[in-house]
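To keep things clear, I will list the structure first and then write my remarks on it.
The values are calculated or read from the model by the stated rules, or taken from the named source; none is laboratory data. Quick caveat: nothing in here was measured; it's all calculated off a predicted structure. Here the Cβ is made from the backbone with ideal geometry for all residues, glycine too, and neighbour counts use every protein chain on show.
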Amino acid sequence: MAKILICDPVDAEAIAQMREAGLEVDVRDTISLEELEQVLNQYDGMVVRSRTKVRQPLIDAAPNLKLIVRGGVGLDTIDVDYARSKGITVLNTPAANSAAVAELVIGLMLTLARHITLADATMKVGKWEKKALEGTEIAGKTLGLIGYGRIGRLTAQKARALGMTVVGYDPFITINDAGVRAVELEELLKISDYISLHVPTTPQTRGMVSTAQFAQMKPTAYVINAARGGVVDEAALYTALVNKVIAGAALDVYTEEPPKSEGLLQLIALPQVVALPHLGASTVEALGRVGGEVAALVIEHFKK
């Protein structure tokens, strides 16, 4: 019987499905890296989400490991090539989170446009800042999507339904959707009112939006990163916001999670920044879909 370790929260129904399929499943969804290194050699498979990082030393500590399943989109938290060189299969669930993240991006645009978080915060301390918090409408504005995979496409559909013009740039794939104009990155930066990132963290994308890119944007532009920490240069973003090079930003992902460094905390504290604790996939529906896909992948792998 294959033994599976659940290292991060997974839907209870998915765990039940794996057990019903004859797998031995241990749930330790708050396990520390130190504990993981001690026990992982007992398992044939592991399920992780964004919290648990699977790097080379951990892989070396698990000679019996045959499968790593990442519940979610990105694989940047796993040393994929090294794992596969050791004969370990690495899988993820790229479709399950897409709707949740796309909806969050739309919500963040509306929050930035109407100063919703600032308005709420001032009301809670007894202030009535009606004149100071005049907003804008997103209808008629241009959304620039950097990255046009599943989440980018869903975000484009929702934005167009709200009356936005959508342009896109993707360094990896060709954009050929009706209603979305493919442009080079330089043009996207110049014409967009909102810029949303939808790319993985790779050597090519790390820090791809930095000082030079902020300088090309409109002073009224907003940047949204609900993709991966590191694709936006956070220090450069802080400088651009403080110097009013751009108008604001919304962040759901960070180079350090949870944020602890002084520079990152200073960025988050800016009033023109909306900051969330990596909530992109945190919906009841998305968690259920992720769990279902995880269970199916694990069961199918060990059935073979």
Among what's in segment 116-143 and is in a helix (DSSP H, G or I) and touching a residue at least 12 places away in the same chain (Cβ under 8 Å), pick the residue that is nearest to Ala250 (Cα to Cα). Thr117
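Can you find a residue that is under 17 Å from Leu110 (Cα atoms) and among the aromatic types (Phe, Trp, Tyr) anywhere in segment 192-206?
yes
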Mind checking whether some residue in segment 260-271 is touching a Gly at 6+ places or on another chain (Cβ under 9 Å), part of a loop (DSSP other than H, G, I, E, B) and either without any contact (Cβ under 8 Å) to a residue 40 or more places away in the chain or surrounded by 15 or more Cβ atoms within 10 Å (Cβ to Cβ) (or both)? yes
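In segment 59-100, what count of residues is obtained for those that are surrounded by fewer than 16 Cβ atoms within 10 Å (Cβ to Cβ), on the phi < 0 side of the Ramachandran plot and not β-branched (Val, Ile, Thr)? Steps first, answer last, please.
Going through segment 59-100, the residues surrounded by fewer than 16 Cβ atoms within 10 Å (Cβ to Cβ) turn out to be 60-61, 63-64, 81-82, 84-87, 89, 95.
Subset that is on the phi < 0 side of the Ramachandran plot: 60-61, 63-64, 81-82, 84-86, 89, 95.
From what is left, the residues that are not β-branched (Val, Ile, Thr) are 60-61, 63-64, 81-82, 84-86, 95.
Number satisfying all stated conditions: 10.
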Filter segment 1-30 for residues that are without any contact (Cβ under 8 Å) to a residue 12 or more places away in the chain and more than 29 Å from the chain's Cα centre (by Cα); which is nearest to Arg70 (Cα to Cα)? Arg19
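A quick yes/no check of all residues on (1) over 16 Å from His278 (Cα atoms); (2) of a type in the set (D, E, K, R):
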site: Ser98; (1), (2): no, no
site: Ala102; (1), (2): no, no
site: Lys124; (1), (2): yes, yes
site: Thr136; (1), (2): yes, no
site: Gly140; (1), (2): yes, no
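Does segment 209-217 contain any residue that is in a loop (DSSP other than H, G, I, E, B), at pLDDT 95 or above and over 23 Å from the mean Cα position of the chain (by Cα)? Outline the logic, then answer.
To start, the set of residues in segment 209-217 that are in a loop (DSSP other than H, G, I, E, B) comprises 210, 217.
Going one step further and asking which of them are at pLDDT 95 or above, we end up with 210, 217.
Checking which are over 23 Å from the mean Cα position of the chain (by Cα) leaves us with none.
Taking every residue of segment 209-217 in turn, none turns out to be in a loop (DSSP other than H, G, I, E, B), at pLDDT 95 or above and over 23 Å from the mean Cα position of the chain (by Cα).
Quick one: which residue in Ser196, Ser192 is of a type in the set (S, T, N, Q) and either touching a helix residue (DSSP H, G or I) at 6+ places or on another chain (Cβ under 9 Å) or exposed (fewer than 15 other Cβ atoms within 10 Å of the Cβ) (or both)?
Details: Ser192 fails: either touching a helix residue (DSSP H, G or I) at 6+ places or on another chain (Cβ under 9 Å) or exposed (fewer than 15 other Cβ atoms within 10 Å of the Cβ) (or both).
None of the other options fit; the residue is Ser196.
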Residue within segment 80-89 that is of a type in the set (Asp, Glu) and either in contact (Cβ under 8 Å) with a residue 40 or more places away in the chain or in a helix (DSSP H, G or I) (or both) present: yes
